[in-house]
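Below: one structure, written as structure tokens.
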Amino acid sequence: MDFKEYELSKIIPSMSEEEYRNLKEDIKDNGLNHPVVLFEDKILDGRHRYRACQELKVEIRTKEYKGNQPLIYILSE
């Protein structure tokens, strides 16, 4: 399934290219340690992990955010 990014999650800056390469290498070596968090069928947290898994063809584990304050969750993470 292809997920879009939850609009509020865009307040968190994107990783630098070097940070993303390091994340991707880590996922390649160690697998996905933290699931991608979804809210209303969109990515609330984990957009870089999601993209890296897609590129590496690694299984993408997800979990649903159960709260009602997605902004607070994003900022807390």
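The values are calculated or read from the model by the stated rules, or taken from the named source; none is laboratory data. Predicted model only: the values in this text are computed from it and were never measured. As a convention, Cβ positions derive from the backbone with ideal geometry for all residues, glycine included, and neighbour counts pool all protein chains shown. Side chains included, ligands, DNA and RNA excluded: accessible areas come from the protein's heavy atoms. Shrake-Rupley method; radii C 1.70, N 1.55, O 1.52, S 1.80 Å.
Overview of values
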{"quantity": "Rg/Rg_ref, the chain, where Rg_ref = 2.2 N^0.38 Å and atoms are Cα", "calculated": "1.06"}
{"quantity": "Using a Förster distance of 25 Å, the FRET efficiency for Lys10-Ser76 (Cβ separation, nearest 0.05)", "calculated": "0.90"}
{"quantity": "Segment Glu40-Glu59, length gained on full extension (0.36 nm per residue, minus Cα span)", "calculated": "4.8 nm"}
{"quantity": "Accessible area of the chain belonging to carbon and sulfur atoms, whole % at 1.4 Å probe", "calculated": "47"}
{"quantity": "Set of region 58-72 residues, backbone N closer than 20 Å to the point 7 Å along the Cα-Cβ line of Glu19", "calculated": "71-72"}
{"quantity": "Value of [θ]222 nm, deg cm²/dmol, for the chain, DSSP H segments ≥ 4, -39500 (n - 2.57) each, nearest 500", "calculated": "-12000 deg cm²/dmol"}
{"quantity": "Contact order normalised by residue count of the chain, Cα under 8 Å, 6+ apart, percent", "calculated": "36"}
{"quantity": "Surface per residue (accessible, 1.4 Å probe) for the chain, Å²", "calculated": "71"}
